[in-house]
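Since every read-out is calculated from the coordinates, none of them should be taken as a lab result. Quick caveat, the model's predicted, so the values are computed rather than measured. Note: ideal-geometry Cβ built from the backbone for every residue, glycine included; neighbour counts use all protein chains shown.
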Amino acid sequence: MQPFWRVPQQDISEDCLSAKNEERCRGNLLYNTSLYEKARGKSRAAVLVSLCTVGGEPALLFTLRSSKLRGKHKGDVSFAGGKQDPSDRNIVETALREAREELGITVTENEVWGILKPLNDSSGLLIAPVLANLGPLETLTLRPNPSEVEEIFTLTVAHLCNPQNRGYTHFRTGNRYGYTLPVFHSDKYRIWGLTAVALDQTLKLIMPE
């Protein structure tokens, strides 16, 4: 099979949100549950990787973090998310709660396809990317929290899979090569870091076989 970034763009857009492909993706994501069970006791956070359609075309929804936030990630592109609260029943509930607080929308567990492989940030925090399909963007009433979100935007799956819009960033550890992470570009935005890793996982998952 061709790598997903070489598949014709019209093929990418047609089937990735079909019922058949959703069933396949849900099945594949079941295998990740054991990865989280092995990491019990670690501090956790979750992000909601939000699939949707815009004018009928598959896309993903992103936020631009407020430049007024503290920390090194202010002003970055991200998915809605945050640390797990003691009151959250599970990590999926964390992602859904954060989406409600940051985007002003209610996402149900039925819309969740599953959890992608865990990510770890530089502090050792385990981050769970929770994948959900929000449906047509036109039917959503988004109410971004201005203290956390500066902007909400979407990029189509076809754009994100276009090799002209993706590349890699090489990081150094001290004076030596450390690691490489994917990066995605548009005319206005740059998606990098763990958000890009979660996005890369998502695109590889949802491409129909």
Q. Which shape class applies to segment 126-209: rounded if a/c is under 1.5, otherwise prolate when a/b exceeds b/c and oblate if not, where a ≥ b ≥ c are the square roots of the Cα gyration tensor eigenvalues?
A. prolate
Q | Mean residue ellipticity (222 nm) of the chain, computed from DSSP H runs ≥ 4 via -39,500 (n - 2.57), nearest 500 | A | -7500 deg cm²/dmol
(Q) Run through segment 161-209 and list the trypsin sites (Lys or Arg not before Pro) located in a DSSP loop whose Cβ has at most 12 other Cβ atoms within 10 Å. (A) 188
Q: State the antiparallel share, in %, of DSSP beta bridges confined to the chain, rounding to the nearest 5.
A: 80
Q.
Taking 22 Å as the cut-off for C-alpha to C-alpha distance, list the pairs among 42/83; 83/117; 38/204; 42/117 that go past it.
A. 38/204
Q.
Quick check for me: using +1 on Lys/Arg Cβ and -1 on Asp/Glu Cβ, what's the dipole size of the chain about its Cα centre, in debye to the nearest 20?
A. 1020
Q: Starting at the first residue of segment 76-92, write each ³J(HN,Hα) from the Karplus equation 6.51 cos²θ - 1.76 cosθ + 1.60 with θ = phi - 60°, in whole Hz, x for Gly and Pro.
A: 8, 6, 8, 9, 4, x, x, 6, 6, 8, x, 7, 6, 5, 7, 6, 5
Q: Search the structure for amide H atoms under 5 Å from the amide H of residue 113, placed 1.01 Å from N in the peptide plane, and list their residues when 5 or more places away or on another chain.
A: 131, 132, 133
Q: Could you point to the residue in 193, 163, 203 farthest towards the positive end of the chain's charge dipole, with +1 and -1 charges on the Cβ of Lys/Arg and Asp/Glu respectively?
A: 193
Q: Distance from a point 7 Å along Cα→Cβ of residue 122 to each backbone N in segment 182-209: keep the residues under 13 Å and list them by number.
A: 193-194
Q) If you count the DSSP beta bridges with both ends in segment 50-141, what percent of them are antiparallel, to the nearest 5? A) 80
**Q.** Radius of gyration and maximum dimension Dmax of the chain, Cα, Å
**A.** 16.6, 50
Q.
Cut-off 10 angstrom, C-alpha nodes, Gaussian network model of the chain. Which of 60, 17, 181 fluctuates the most?
A. 181
